[in-house]
Amino acid sequence: MITVTEKAMEKINALLQEEGNPDFKVRAFVTGGGCSGFNYGFTFEENKDEDDFEVGGIIVDSMSMQYLQGAIIDWEDSVMSSQFVIRNPNATATCGCGKSFAV
């Protein structure tokens, strides 16, 4: 499955609290595009579909799950940026920004 680190869970909980909607969840997904072929994305979602997986407070659709299987989702705070970081064992290449990958 997917591993969500403690730092990522803390950030997810803080974001959900800021939104103020108790029905919201965070959705992680993969779409086509980007300089390496696929992009990672995150959004708020109120509804969980039948084929969604729920992992550590994040929901993932079945299509995205095949690309994220075994991945680690973390939150990184640095001088340069603050963002979710995905360490994906399925990626054969990634772009410099870490937001797109190839399989």
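We did not get these values from a lab; they are worked out from the coordinates using the rules stated. Predicted model, so just to flag it, every value in this text is computed and none were measured. Cβ coordinates were reconstructed from backbone atoms using ideal geometry, including for glycine residues, and neighbour counts include every protein chain displayed.
Label points 7 Å out from Cα along the Cβ direction at Q83 and D49: separation in nm?
Calculated label separation equals 2.5 nm.
Over the chain, what is the percentage of antiparallel beta bridges among all DSSP beta bridges, to the nearest 5?
Of all bridge pairs located within the chain, approximately 80 percent are antiparallel.
With runs of 4+ DSSP H residues as the only contributors, calculate the mean residue ellipticity of the chain at 222 nm using -39,500 (n - 2.57) per run, divided by the residue total and rounded to the nearest 500.
Dividing the helical sum by the residues of the chain leaves -6000 deg cm²/dmol.
Counting only C-alpha contacts under 8 Å and six or more residues apart, can you give the relative contact order of the chain as a whole percent?
About 31 percent, as a whole number.
How far apart, in nm, are the 7 Å Cα→Cβ label points at Q69 and N13?
That separation, rounded to one decimal, is 3.1 nm.
If you keep only loop residues by DSSP, which GluC sites (Glu not before Pro) in the stretch 46-78 have at most 14 other Cβ atoms within 10 Å of their Cβ?
Filter output for the stretch 46-78: E46, E50.
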